[in-house]
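Asker: Starting off with a structure, shown below.
Just so you know, all these numbers are worked out from the coordinates, no wet-lab data involved. Please read these numbers as outputs of a predicted model, since none were measured by experiment. Positions of Cβ are backbone-derived with ideal geometry, glycine not excepted, and every protein chain shown enters the neighbour counts.
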């Protein structure tokens with residue numbers, strides 16, 4: 001059934017991951033709080049493909065189908081279109097602003113991005129406005145995209161999830177295992193095994209792995225079904241996941257590349273210490289983690305994890321909250337209302 005009227009903004013959501021879906025929901029809500037009407041069009045997930053090139057083609061086609069359906073459904077033409085991710089914009093039916101955590105030039109190297117990268121450059125050049133999640137994402141973009149006239153950095157908010165006083169930190173360490181090889185879950189497990197073998201934190205302490213099922217982890221060569229000290233929890237709602245974060249002392253990760261680090265920012269917002277290896281990419285949480293406690297950012301992940309569990313800084317959580325001020329929902333709303341919406345709907 002057709003919508004009653006055209007929306008001010010059509011937001012074409014790729015939504016290939018939980019993080020991307022939440023980011024799109026946050027942007028839609030922020031635009032609405034600024035006074036715009038928003039139609040959120042989500043792409044239907046395509047069937048699994050054997051390569052990244054084919055996967056991106058399938059998702060780009062799904063985004064185009066979703067955008068065409070929404071443009072037909074809406075009465076009249078929306079005032080502006082935002083494509084969430086460069087992949088969503090590759091086969092766009094009409095030009096629009098592009099929001100992205102990282103360009104394909106950074107996260108699709110070599111053969112993985114043979115067709116995506118040149119088309120992405122053309123789309124970024126043709127887009128009336130670019131909305132990178134971070135300054136790092138903007139720096140990875142083509143030079144023509146980096147001008148102040150063409151780009152507005154709009155972060156994804158990272159807010160505390162608990163309404164009251166923090167509860168007991170009864171989970172030693174938590175990690176997010178979706179796309180386990182890119183996220184370096186094998187390195188996290190190796191560090192955890194070393195620390196646990198030393199007896200750090202006590203024999204009953206666990207590493208909780210979320211974001212992937214035992215079957216998905218096994219396909220990546222990680223067999224954890226019967227490993228002591230490791231518990232895999234999949235299928236959690238966002239609320240249940242954040243409840244786990246509030247119970248964890250440490251969020252530990254070792255990404256081989258990080259395009260933003262939303263899970264890490266949310267962990268910091270909920271008072272977790274962030275233990276991480278340095279990683280290439282526009283890793284927004286990395287400079288914050290270094291400033292909070294440089295001992296916890298190291299290629300010696302086991303050593304950093306040991307330090308966090310045995311010698312935590314007492315004011316870490318309080319200082320993390322202060323460092324995350326630019327990522328508050330209030331600050332993002334200000335950017336959207338004062339800078340983004342006047343550019344989208346002049």
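Asker: Based on the Kirkwood radius over alpha-carbon pairs, what is the Stokes-Einstein translational diffusion coefficient of the range 298-346 at 37 °C with 0.692 mPa s viscosity, in µm²/s?
Answerer: On the way: Rh = 13.9 Å.
The diffusion coefficient I find is 236 µm²/s.
Asker: Provide, in order from the shortest bin, the percent of all Cα-Cα pairs of the chain in each 10 Å bin, continuing until the bin that contains the maximum pair distance.
Answerer: 5, 24, 32, 24, 11, 2, 0
Asker: So what's the back-of-envelope 222 nm ellipticity for the chain, counting only DSSP H runs of four-plus at -39500 (n - 2.57) apiece and dividing by all residues, rounded to 500? It would help to have the intermediate numbers written out before the result.
Answerer: Working: 15 runs with 136 residues, N = 346.
Taken over the chain, the calculation gives -11000 deg cm²/dmol.
Asker: I need the per residue convex hull volume for the range 1-105, using only the alpha carbons, in cubic angstrom as a whole number. Walk me through the intermediate numbers first.
Answerer: Working: hull volume 10.4 nm³, N = 105.
Output value, Cα hull per residue: 99 Å³.
Asker: Another question about this same structure. Can you bin the range 79-183 into rounded, prolate or oblate? Criterion: square roots of the alpha carbon gyration tensor eigenvalues sorted a ≥ b ≥ c, rounded for a/c under 1.5, prolate for a/b above b/c, oblate for the rest.
Answerer: Details: a/c = 2.58, a/b = 1.69, b/c = 1.53.
The shape class here is prolate.
Asker: Along the Cα-to-C-beta direction of residue 337, a point sits 7 Å from the Cα; which residues of the range 18-37 have their amide N less than 18 Å from that point?
Answerer: Residues 26-37 fall inside that zone.
Asker: Whole angstrom only: what separates the Cα centroid of the range 190-227 from the Cα centroid of the range 289-336?
Answerer: So the two Cα centres are separated by 23 Å.
Asker: If you don't mind, another one. For the chain, take the longest principal axis of its alpha carbons; what is the angle in degrees between that and the long axis of helix 116-126, to the nearest 10 within 0 to 90?
Answerer: 50 degrees
Asker: Next question, about the same structure. Could you list 327, 100, 251 so that the one with the fewest beta carbons within 10 Å of its beta carbon is first and the one with the most is last?
Answerer: Working: 327 22, 100 29, 251 25.
Neighbour counts put them in this order, fewest first: 327, 251, 100.
Asker: Considering the Cα positions of the range 171-326, please state its Rg to one decimal place and its Dmax as a whole number of Å.
Answerer: For the range 171-326, the Cα-based Rg and Dmax read 14.2, 42 Å.
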